[in-house]
Amino acid sequence: MIKISFIVINVVLAIFLYFLNTWYEQQDIKIQKINKKYVSDTRKLKEIKKIDNWLNENVKHNLIKIPKSTENADINLIHFFDTHAKEYSFQVEKFIYKDEMAHFLNIKYSISRDNYNNLFKFMKQEYKNGYLFIKSFNIEKTILNGELIVVQPYPSKNKKIKKRSLEDVPQ
């Protein structure tokens, strides 16, 4: 009788340990998913902090340099184009066009992939008077080409300022 009860207790314990192990594995999988989400959210928050720091360092002081007239805004865009035209094989895709708060210039560029220094310099390129967007970035056999949008803000004559988003940039 003691042997039978001992065997029954061992079987019950074995079944209990099996189900406990299964439950533990399921909980471990849930915890790993939660940890991945936490790590992902933490990375996003760090990126937001980097972007915020970049905005404070680069954008805020640029807004002080906004030209006083639309002619000066155009001159800044043309000067940027002329300065880098030979270096990056600039071509005007869409000449200066404007909305109520900024002037825009779409520029096609072409850079040899063999010239690493020129390529690196292009990737670090800044437009100190406004903003620079890489609209397209195509890599062919030996050439990197695409399109830039150069944005030159200027003071609006209208006192009403509506909220803007990236989708508002004319294409």
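The values are calculated or read from the model by the stated rules, or taken from the named source; none is laboratory data. What you see is a predicted model, and the numbers here were worked out from it, not measured in a lab. For neighbour counting, all protein chains shown are included, and Cβ atoms are generated from backbone atoms with ideal geometry for every residue, glycine included. For the accessible areas, the whole protein counts, side chains as well, though only heavy atoms, and no ligand, DNA or RNA atoms are used. Shrake-Rupley method; radii C 1.70, N 1.55, O 1.52, S 1.80 Å.
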Tell me, which residue of segment 43-97 that is acidic (D, E) and open to solvent by less than 70 Å² (accessible area, probe 1.4 Å) is modelled with the lowest pLDDT? D74
Failed condition for I66, given (1) within 25 Å of E147 (Cβ to Cβ); (2) hydrophobic (A, V, I, L, M, F, W, C); (3) out of contact with any Pro (no Cβ under 6 Å at 6 or more places or on another chain); (4) not in a strand (DSSP E or B): (3)
Selection over segment 102-150 where residues are assigned to a helix (DSSP H, G or I) and open to solvent by less than 70 Å² (accessible area, probe 1.4 Å) yields a count of 3
Report yes if N129 is touching a residue at least 24 places away in the same chain (Cβ under 8 Å) and closer than 17 Å to Q91 by Cβ, otherwise no. no
Just wondering, is there one or more residues in segment 2-20 that are surrounded by 10 or more Cβ atoms within 10 Å (Cβ to Cβ) and either in the same structural domain as I111 (by the TED database) or within 25 Å of the chain's Cα centre (by Cα) (or both)? no
So L105, is it within 15 Å of V150 (Cβ to Cβ), of a type outside the set (V, I, T) and out of contact with any Lys or Arg (no Cβ under 8 Å at 6 or more places or on another chain): no
